[in-house]
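The values are calculated or read from the model by the stated rules, or taken from the named source; none is laboratory data. On a predicted model such as this, the values are computed, not experimentally measured, just so you know. Please note: Cβ atoms are built from the backbone with ideal geometry, for glycine as well, and neighbour counts cover all protein chains shown.
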Amino acid sequence: MTTHTEGRPPTDDEVDRRLRMAGARLHEHVAADVDVDTRLSELVSRRARRRRWLPIGVVAGATLAAIVAAMIVTSPSPVVIEPLPDFTGPPQDEQPDVGPPGESEPSEPLPDEVEPPEARPDETDPADVGDDCSAAQLDESEPSEGGLPDAVEIIRGAIVRAALACDFEGLAALTSDEFSYSFGGGTDPITHWRQQEEAGEEPLAVLVELLALPVGDGQEVPTGDGQEASPPIWSWPRAYTDPTTPAHLAELEQRFGAEAVADWFTPDGDYYGPRVGIRGDGTWLFYVAGD
Amino acid sequence: MPPLEVTGAEVSSFNAFYRAEFASIAAVAAALCGDRASGEDIAQEALSRAYRDWQRISAYERPGAWVRRVAINLATSRHRRALTEARSRWRLTESQVVDPVLPDAALPDAALWRAVRTLPRRQRQAVALTYVDDLALEDVAAAMDCSVGAVKTHLHRARQTLANRLASRDGEDSR
């Protein structure tokens, strides 16, 4: 059905009316077929199953701890003790005090280790992060171009491997004192990335995808008179530092989709989407987005 | 650690919230995914995350905005994953990347919502929250974590783009 005069684009009001009618129809269509009570029962019983498994997880953790302690006492040689899995989640005072709007969502109180497989019909749901992360399903790919200084290539590879392993602590260990992950400041990238992952954003997947793209030209860092010149900074994607070309756009759109990429450029064509920077000496300087 | 037990009063409060919000959130997510079943799954997941910390979430001024923000992020995440899968297929077949969204032909106005899904992310979120959820601008802004002015800008640009796309599509249909 067309509601405008043929041959000219509909006016703003016409599009508004058309969207309003279509929105109402879609809402009605979904609402008519939804069995809300059944869905609610599913949700409540799923959560109840998770709660029932918590004591088992705690007991398992305590048992494991006892076994390790016994090994320490009886072992004739030094034993390397790996940290025990955290079965109970972080203490309350480490939970970020978040709230809407714009705050991230709370961490999962019950980790996946204590969840019986049959109790997780949506286990493969990509949005259900748990101890997993968005990069877990990606493959490691070689950088599109060589020519990086060794120090940069080493840290690039280490970042990719840590992200693919969902090793938040390992990632944070690769950052430097100069590292920036948010324009709001902050010194806890782990919490920041975890919160983003739990809110359905995909910082680790995006990080891996960015570092698989061609790198921009190394940018010289301006220094004052008499100071030793710093090594250049290598940045991904190259659209951040180099004049944007159709090829730059195409490689971003193929990775992230045209819709997302359209949000990452100013009307003047400046890139301000997610980007990574590593200094020529191997110092990881930033992984930020926005302006 | 976060509270694990939900009191009787909180259960009642959550149940009322769930019944009031589920269909709206599912419809918004369906518009963003192009698929009603995915929309329902996303609504369920977003509300599940609210349930597990309901004592805190319910104290917010706009718990509905919190859940919607989680839902639209989940919808974006699902879209991104579909793109990744489409890219993998493309690598295998060396053919053109197909539309990663498999539109549900049973959705009313499927072609219009397909056009909406080609908009930039923030624009399509603003459209879905405004026109499917019928939220006030202030509530859309709260769900999107931006200003009312930014929502207006997103909506204006979205309507401009849609006007041109609908004109060309309607022109093709009439030929």
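Per-residue answers, yes or no, for (1) among the charged types (D, E, K, R); (2) modelled with pLDDT of 90 or more; (3) surrounded by fewer than 22 Cβ atoms within 10 Å (Cβ to Cβ); (4) under 15 Å from A:LEU19 (Cα atoms):
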{"residue": "B:TRP113", "(1), (2), (3), (4)": "no, yes, no, yes"}
{"residue": "B:TYR131", "(1), (2), (3), (4)": "no, yes, no, yes"}
{"residue": "B:LEU137", "(1), (2), (3), (4)": "no, yes, yes, no"}
{"residue": "B:VAL140", "(1), (2), (3), (4)": "no, yes, no, no"}
{"residue": "B:ASP145", "(1), (2), (3), (4)": "yes, no, yes, no"}
(request) Kindly indicate the residue of the range A:162-215 that is farther than 19 Å from B:ARG78 by Cβ and among the charged types (D, E, K, R) and also farthest from the other protein chains (Cβ to nearest Cβ) among those meeting that condition. (result) A:ASP177
(message) Please verify whether A:ASP188 is on the phi < 0 side of the Ramachandran plot and either at pLDDT 85 or above or among the polar types (S, T, N, Q) (or both), treating the condition exactly as stated.
(response) yes
(request) Could you tell me whether the range B:86-107 includes any residue that is at the interface with another protein chain (Cβ under 9 Å from one of its Cβ atoms), at pLDDT 85 or above and assigned to a helix (DSSP H, G or I)? (result) no
(message) Return the pair list, or none, for Cβ contacts closer than 7 Å from residues in the range B:60-75 that are within 7 Å of chain A (Cβ to nearest Cβ) to residues that are among the hydroxyl-bearing types (Ser, Thr, Tyr) and surrounded by fewer than 23 Cβ atoms within 10 Å (Cβ to Cβ), at least 6 apart or on different chains.
(response) B:TRP66/B:TYR60
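Would you call A:GLU169 part of a helix (DSSP H, G or I), among the charged types (D, E, K, R) and modelled with pLDDT under 50? Spell out the reasoning first.
Numbers: part of a helix (DSSP H, G or I): yes; among the charged types (D, E, K, R): yes; modelled with pLDDT under 50: no.
When the stated conditions are applied, A:GLU169 does not pass them.
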